[in-house]
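The values are calculated or read from the model by the stated rules, or taken from the named source; none is laboratory data. Model, not experiment: these values are computed from the prediction. Cβ placement follows ideal geometry from the backbone for every residue including glycine, while neighbour counts extend to all protein chains displayed. Quick note on the areas: whole protein, heavy atoms, side chains included, nothing else; ligands and nucleic acids left out. Shrake-Rupley method; radii C 1.70, N 1.55, O 1.52, S 1.80 Å.
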2 protein chains.
Amino acid sequence: MSLDAILARLDADLDAATARLFELLRIPSISTDPAFATDVRRAAEWLRDDLATIGFDAQVHDTPGHPMVMGQIDGPGPHLLFYGHYDVQPVDPLSLWDRDPFDPALQDTPKGKVIRARGAADDKGQLMTFLEACRAIKAETGRLPCKITVFFEGEEESGSPSLVPYLKAHGDALKADLALICDTGLFTDDVPAIVTQLRGMLGEEMTITGPRIDLHSGMYGGMAMNPIRVLTRILGGLHDDQGRVQVPGFYDDVAEISDDLRTQWQTLDFDANAFLGEVGQSQPAGEAGRMPLEMLWSRPTAEINGIWGGYTGAGFKTVLPAQAHAKVSFRLVAAQDPLKLRAAFRAWVEAQLPTDCTVTWTAHGASPASRMDIGHPAFEIARKALSLEWPGEAAFIGGGGSIPVAGHFKEILGMDSLLAGFGKDDDAIHSPNEKYDLSSFHRGQRAWARILTGIAEG
Amino acid sequence: MSLDAILARLDADLDAATARLFELLRIPSISTDPAFATDVRRAAEWLRDDLATIGFDAQVHDTPGHPMVMGQIDGPGPHLLFYGHYDVQPVDPLSLWDRDPFDPALQDTPKGKVIRARGAADDKGQLMTFLEACRAIKAETGRLPCKITVFFEGEEESGSPSLVPYLKAHGDALKADLALICDTGLFTDDVPAIVTQLRGMLGEEMTITGPRIDLHSGMYGGMAMNPIRVLTRILGGLHDDQGRVQVPGFYDDVAEISDDLRTQWQTLDFDANAFLGEVGQSQPAGEAGRMPLEMLWSRPTAEINGIWGGYTGAGFKTVLPAQAHAKVSFRLVAAQDPLKLRAAFRAWVEAQLPTDCTVTWTAHGASPASRMDIGHPAFEIARKALSLEWPGEAAFIGGGGSIPVAGHFKEILGMDSLLAGFGKDDDAIHSPNEKYDLSSFHRGQRAWARILTGIAEG
């Protein structure tokens, strides 16, 4: 039957598919750094051209920021929207990479072959699993089993400033029966997963200004307020000694998970020590009295993602700087309102400023948490498909990260999302030496082929 | 009489003296940054050559770090050692400079002509006031009135790593009846000063390491410890809400100033509001209940001079970094022991580290506070000389900065130091747009001519 032929074709075509992915990985599409804007566009154009070879009607759509890629192809089954992002994280510190982040390579490791490059797992390798499945189905059967719209974003790693306006402007084309999103991971190396709840994200950048100019600590030390001292005092109080965030009202809209879900998560084979051991840690650092999976999936967090001020070069400079800066992000859950918490965080900081210090703010994205309605039959179809490709039975899990687009699909297009991805905990996304297992790339393609044909058969 | 002729020559020669200073200011002798090592050496060689033109027997002496310059010339009077430093602070942030920091210019300002360049006030302009005085005396009288050894350091802005070994190795040549140090400022624009007590300095650099690699806060946020969070929590507790440093034992060896000195300081016309107003501040930020001059001169401080970690570039990166860093310095007074406090600070930090975090240290200089014996007749001679060149009567004051060499002269060479300098509070040393008033440069030369001839006459 044709599914077997499709899967056989994907097996036979793996080298060519890997070569296509390498072409995309060679484009340094770093969206947070304006210096790479033309590379981001090149990646969008590469995807448009690859979609066309499959038979999609594809375009690159300009936005005030980086472009979007949209492609459509008809089919008899339900209308599905597939989402992925083609932009990648910055690569610093470059010194910690074992090779050029944008010179992809297939490497043998004790755990099997991996594709090594920035973006291999997040998210270029993942989105290509879907395109390869479409390519094989089209080649084998002459058409796609469902009507498919693909939508690739180029600003996912930089707060998606153009996403909401774009969804509102192109709602008619993008509205489908269900969204498929491939930007998540396996639960364990052998157990695939479908993410049914995700944390939201609020990003803030703050600059505290004290003196008019940098001062010499010998001349002014003891008299003038040092903004680094103010910044560390305020951010040093962001958590209490139980790991709870101290911004007033932060937990107001945080619901506890249901007993059912708690039981299901407790039965999941999650080894917190192994998870942390991978990165040289031994103790969960979150809220006291919470089980590790709660810390990751259903509890909100506050993190300082960057801090800088004063003299940071070689040697020493006894300066009292005029300014100190920090980038702070919050992972949000349940009904937490990003904009309400942005206001609460800013008010909390401003209330602690001493005389002679001011703060200025830059907003970096705000998206609520999302929870899927898994009643749609596609969820069980997908769970069975994944279970056939990996050793373990697939699980419905939560996600610690943010995939704002899932929330926006729900709010703006009234569409649920099925989040199936094949990354691993040791993929080092957002870190030096990011990789994507070749087995994830291969099994992912086969899983999508099963899911698309399965959904078409209903 | 010959002093008048010497002063007249200094007046007539001011343009040429300014041109000589500009040559020295054009050399970017930044000692903290290894990239400028050859420039530092060029500055040393320029001084050696200029000393030779005056008649000094001058050499550049290599050290494990940047070179020292020593010059000697005979004279009938007491042996005086003159110290200055020819290295300068880094210039970042360069964007805040109105012109190239190493392209000196004479500029008209509402408060008179100024010499604008990095190092103009700290310390190239100041040390040249002494050389110009020597040049004029030699030209006018054929000799110097005292035996003079000049000693110029190239590591003053980078913790003086070679100073103590050098003083020990060259003690015989450097030991004099009195040291003259020109690296301080006027008390007010119209009131010159001789600094009779100085704060010491302890510099520390710390790196806190948490995870083995940078992590994605979506995947690990809430589970892995963020070293920036640890750094801010610890340094945020460096001061209590009264501005007192919380390192155990920090105040053990801090003596209160004498009632005499307190009375003298109270009579000094110091306008804390104007002093702070210059730099956009309105309230003293030091220990509660201390008078401003105590905060600056006789109370110890702790300051965070630099902090960095995580993503600090354009846009946003939701990273949990593997490391976070800070540069911290302490201004020391009275009998505070720098090495004892270094150990106390490190122990205080290490005691607060959570599981899974470690700290590594880099030492950046350690010098005790110093207090001069003003019994030596040169102190009164100098006070009178300064009073003749500026509108106000010269004062004996304290200094908030550190001039470690003064302490080392006392410990290693058993020699007191007379600290007379002509900088102003608005010179912006260690900041963008550093300047030195032409009047300071001119009056300083005349003052040294009076002091040298005065000391010779006894």
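Whole-Hz Karplus ³J(HN,Hα) for the stretch B:449-455, in order, using 6.51 cos²θ - 1.76 cosθ + 1.60 and θ = phi - 60°, x for Gly and Pro?
Using θ = phi - 60°, the values come out as 4, 5, 5, 5, 5, x, 5 Hz.
Which percentage, to the nearest 5, of the DSSP beta bridges contained in chain A is antiparallel?
Working: 51 of 73 bridges.
Restricted to chain A, the bridges split so that about 70 percent are antiparallel.
Give me the distance between the Cα centres of the stretch B:92-115 and the stretch A:296-330, rounded to whole Å.
Centre-to-centre distance over Cα atoms comes out at 31 Å.
Can you tell me, using C-alpha contacts under 8 Å and at least 6 residues apart, the relative contact order of chain B as a whole percent? Don't skip to the answer; put the middle values down first.
Details: 935 pairs, mean separation 118.5, N = 458.
Computed value for chain B: 26 percent relative contact order.
Looking at the protein assembly as shown, send over the antiparallel percent of its DSSP beta bridges, to the nearest 5. Display every interim value, and only then the final one.
Numbers: 107 of 151 bridges.
DSSP beta bridges in the protein assembly as shown are roughly 70 percent antiparallel.
Residue by residue through the stretch B:415-429, what is 3J(HN,Hα) from phi via Karplus (6.51 cos²θ - 1.76 cosθ + 1.60, θ = phi - 60°)? Round to whole Hz and write x for glycine and proline.
Values per residue, Gly and Pro as x: 10, 7, 10, 9, 9, 10, x, 10, x, 10, 4, 9, 6, 6, 5 Hz.
Could you run the numbers on buried accessible area between A and B, total for both chains, 1.4 angstrom probe, in Å² to the nearest 100? Please report the intermediate quantities before stating the final value.
Values: alone 19480 and 19450 Å², together 31170 Å².
Its buried surface, counting both partners, is about 7800 Å².
Which percent of the accessible heavy-atom area of the protein assembly as shown goes to carbon and sulfur, probe 1.4 angstrom? Before the final figure, lay out each step's value.
Numbers: 15800 of 31170 Å².
The C+S portion of the solvent-accessible surface of the protein assembly as shown is 51 percent.
From the square roots a ≥ b ≥ c of the eigenvalues of the alpha-carbon gyration tensor of the stretch A:354-450, which class results: rounded (a/c under 1.5), prolate (a/b over b/c), or oblate? If you can, show how the numbers build up before the last one.
Values: a/c = 3.25, a/b = 1.62, b/c = 2.01.
The shape class here is oblate.
Cα gyration tensor of the stretch B:1-103, axes a ≥ b ≥ c as square roots of the eigenvalues: rounded (a/c below 1.5), prolate (a/b > b/c) or oblate?
Numbers: a/c = 2.74, a/b = 1.41, b/c = 1.94.
Oblate.
Would you mind checking the tilt of helix A:14-25 against the longest principal axis of the Cα atoms of chain A, expressed as 0 to 90 degrees and rounded to 10?
30
Work out, step by step, the length gained on full extension between B:Ala8 and B:Ala173: first 0.36 nm times the residue separation, then minus their alpha carbon distance; give nm to one decimal.
Working: separation 165, 0.36 × 165 = 59.40 nm, distance 3.27 nm.
Taking B:Ala8 through B:Ala173 to full extension adds about 56.1 nm, to one decimal.
Given the stretch A:357-412, what whole percent of its Cα pairs are spread farther than 14 Å? Mind showing how you got there, number by number?
Working: 1063 of 1540 pairs.
Roughly 69 percent, rounded to a whole number.
To the nearest whole number, what is the average tally of beta carbon atoms from other chains within 10 Å of the beta carbons of peptide A:259-266? Mind showing how you got there, number by number?
On the way: counts 0, 0, 0, 0, 0, 0, 0, 0.
The per-residue average across the peptide is 0.
Please list the non-local residues whose amide H lies under 5 Å from the amide H of B:Phe187, H modeled 1.01 Å from N, same-chain partners needing a gap of 5 or more.
Amide H neighbours of B:Phe187, under 5 Å, 5+ apart: B:Ala193.
Could you tell me the distance between the Cα centroids of the stretch B:350-429 and the stretch A:222-278, to the nearest Å?
The stretch B:350-429 and the stretch A:222-278 have Cα centres spaced 45 Å from each other.
Sort the protein assembly as shown into rounded, prolate or oblate with this rule: let a ≥ b ≥ c be the square roots of the eigenvalues of the Cα gyration tensor; rounded if a/c is under 1.5, and if a/c is not under 1.5, prolate when a/b is larger than b/c, oblate otherwise.
Numbers: a/c = 2.98, a/b = 2.45, b/c = 1.22.
Here the protein assembly as shown falls in the prolate category.
Per residue, how large is the accessible surface of the stretch B:1-143? Use a 1.4 angstrom probe and give square angstrom. It would help to have the intermediate numbers written out before the result.
On the way: 5610 Å² over 143 residues.
Accessible area per residue, the stretch B:1-143: 39 Å².
List the GluC sites (Glu not before Pro) within the stretch B:349-458 that fall in a DSSP loop (any state other than H, G, I, E or B) and whose Cβ has at most 15 other Cβ atoms within 10 Å. Kindly include the intermediate steps, with their values, before the conclusion.
Details: sites: B:Glu350, B:Glu380, B:Glu389, B:Glu393, B:Glu411, B:Glu434, B:Glu457; in loops: B:Glu393, B:Glu434.
For GluC sites (Glu not before Pro) across the stretch B:349-458 that sit outside H, G, I, E and B with at most 15 neighbouring Cβ atoms in 10 Å, the list reads B:Glu393.
On a 0 to 90 degree scale, rounded to 10, what angle separates helix A:404-413 from the longest Cα axis of chain A?
Between helix and principal axis, roughly 70 degrees.
Output the residues of the stretch B:300-320 meeting this criterion: accessible area (heavy atoms, 1.4 Å probe) in the chain alone minus accessible area with all protein chains in place is 30 Å² or greater.
When all protein chains are present, B:Glu303, B:Ile304, B:Asn305, B:Ile307, B:Trp308, B:Tyr311, B:Thr312, B:Ala314, B:Gly315, B:Phe316, B:Lys317, B:Thr318 each give up 30 Å² or more of accessible surface.
Counting only pairs 8 or more residues apart or on different chains, how many lysine pairs in chain B have their Cα atoms under 15 Å apart?
11
Can you tell me the 0 to 90 degree angle between the C-alpha axis of helix A:338-350 and the longest principal axis of chain A, rounded to 10?
20
For label points placed 7 Å from Cα toward Cβ, what is the shortest-first list of nm distances from B:Gly171 to its copies?
For B:Gly171, the other copies' label points sit at 8.6 nm, shortest first.
Provide a whole-number value for the mean count of partner chain Cβ atoms within 10 Å of the Cβ atoms in peptide A:272-284. Walk me through the numbers before you get to the answer.
Details: counts 1, 0, 0, 4, 6, 1, 5, 13, 8, 11, 3, 6, 5.
That average works out to 5.
With a 1.4 Å probe and all protein chains left in place, how much accessible area per residue does the stretch A:343-458 have, in Å²? Don't jump to the answer; show the numbers that get you there.
Details: 3840 Å² over 116 residues.
With the other protein chains kept in place, the stretch A:343-458 gives 33 Å² per residue.
Considering every residue in B:236-243, what mean count of other chain Cβ atoms within 10 Å of its Cβ is obtained? If you can, show how the numbers build up before the last one.
Details: counts 10, 4, 4, 4, 0, 1, 0, 3.
The shielding value for this peptide is 3.
Could you calculate the FRET efficiency of B:Tyr251 with A:Asp252 from 1/(1 + (r/R0)^6), where r is the beta carbon distance between them and R0 is 56 Å, rounded to 0.05?
On the way: r = 43 Å, r/R0 = 0.77.
That pair, B:Tyr251 with A:Asp252, gives E of 0.85.
Provide an ascending nm list, one decimal, of label-point separations from A:Pro64 to the equivalent residue in each further copy; define each label point as 7 Å from Cα along Cα→Cβ.
5.7
Between copies, how close do the B:Gln352 label points come, placed 7 Å along Cα→Cβ, listed in nm from shortest?
Output for B:Gln352: 1.3 nm, nearest copy listed first.
Please work out which residue of chain B brings its Cβ closest to the axis of the rotation superposing B onto A, and round that distance to whole Å.
B:Gly236, 1
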